[in-house]
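Report on one structure; see the data block that follows.
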Amino acid sequence: MKTILLISPYWQEEHRWMVSSVKMAQLWQRLGYKVAVLCMGHGSRHEKVSETLDVYRVPDVFIPDPWNYGIAFGFSGVAVRLARELKPDIIVVNKVLFWSSISLLRLRLAGRKVLLITDALVGITWWPRGRLGKVCAAIYANTLGWLILKAATKVVFFHPQPESVLKRLGIAQKSIIIPTGIDQHRFTTNRPEHTGVTVTYIGRLESVKGVADFVAAALKVKKDKPSLDIQVVGWYKDHHPLVMANDREVRFTGLRKDIEDILSRSDIFVLPSYSEGLSNALMEAMSAGCACIASDVGGNRYLIENGNSGFLFPAGDREALSAHIRRLVDDTAKRKQLGENARRRIEQVFSWDKVGKRYDELFTAWSA
């Protein structure tokens, strides 16, 4: 059995989840690979999850929102040591510009081929909120980030990046697109009978996610549609100001693991991010047949064909978002049509069957 060493910022720990890494590891195990994950987290430990999955953690110092960035001294050295001990057939680094991605440089200096996979280019096509964050991201992206991209043996993007950007960075010839994909069979499009309409956001309550825009836009609709059920699903820190100000009219569920059930009871799904890669939450909502509304940024416009498999709106435009929510609350037929088309879009382009085939072909060629 061939082994993949997957280097990821995080795995599954409290609010620091790296969903794309979890999904990729699950997919690669289905393809017959053994996966060893190296990530940051609380404490230094090795967890044998199953016969085909091991997780190694290096302790980090975490800088919270709006940075959401961990620093783990010695991480690159651990990556080189694990590569030497495990002798993996393939080494994959997930995400660029996280501290963990610096290990790619050390691995390349050690003579290893390394595949870099990422959903966005922070500081180039993906931006944090706030002026200081943008300046820091741009400096980081065009110095260390550029070196990491250049050093990678091959770069896999989860969604298309501007060709002009790839050429400027000098990585156009070694870049390909393979989305993370989704196991759509986990989700049902059959909705239990219920009165009213439920509109849902799923994700962390971070500034870049635009959750405040969602709450404001949905509450505006609720003023004359009092039966509208508004829920926010995802981790948030204690005494979060958005929760404290709106918990009487909005259900804040906190971190939940029954996402399939939540989506089966949701009619409308909203993703109002200011910057976004290829959103797992949006793919899950589309798989569940929700009528989806998303900001017109990043991978959202790759997933959603505007007006056909969902609605797009300018990030930060609460009036446009409110208008889309109102239309879907009033128009049951349109909700159903968008949901059916969203599910079909996932099946045709983003299903694990199709994505798995592309990764199998990539890894076969890589090991040849």
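Details
- Looking at the range 221-299, the strands (runs of 3 or more DSSP E) lying wholly inside it that each contain 2 or more residues that are in contact with a Ser or Thr (Cβ under 7 Å, 6 or more places away or on another chain) and within 29 Å of PRO162 (Cβ to Cβ) sit at 268-271.
- Filter pass, MET40 being assigned to a loop (DSSP other than H, G, I, E, B) and either over 22 Å from LYS87 (Cβ atoms) or out of contact with any Phe, Trp or Tyr (no Cβ under 6 Å at 6 or more places or on another chain) (or both): no
- Restricting the range 320-368 to residues that are among the basic types (Lys, Arg) and over 14 Å from THR189 (Cα atoms) leaves a set whose member that is surrounded by the most Cβ atoms within 10 Å (Cβ to Cβ) is ARG326.
- Any hit, the range 180-189, residues being closer than 23 Å to ILE325 by Cβ, in contact (Cβ under 8 Å) with a residue 12 or more places away in the chain and of a type outside the set (D, E, K, R): yes
- Among the candidates SER164, SER175, residue that is among the polar types (S, T, N, Q), modelled with pLDDT of 95 or more and in contact with a helix residue (DSSP H, G or I) (Cβ under 6 Å, 6 or more places away or on another chain): SER175
- The range 144-159, residues that are modelled with pLDDT of 95 or more and not aromatic (Phe, Trp, Tyr): LEU147, ILE148, LEU149, LYS150, ALA151, ALA152, THR153, LYS154, VAL155, VAL156, HIS159
- Odd one out for SER309, checked against (1) modelled with pLDDT of 95 or more; (2) surrounded by fewer than 16 Cβ atoms within 10 Å (Cβ to Cβ); (3) not basic (Lys, Arg): (2)
- Enumeration of residues in the range 6-34 that are within 19 Å of LEU104 (Cα to Cα) and more than 20 Å from the chain's Cα centre (by Cα): none
The values are calculated or read from the model by the stated rules, or taken from the named source; none is laboratory data. Just so it is clear, the structure is predicted and the values come from calculations on it, not from any experiment. Quick reminder, even Gly has a Cβ in these numbers, built from the backbone with ideal geometry, and neighbours come from all protein chains shown.
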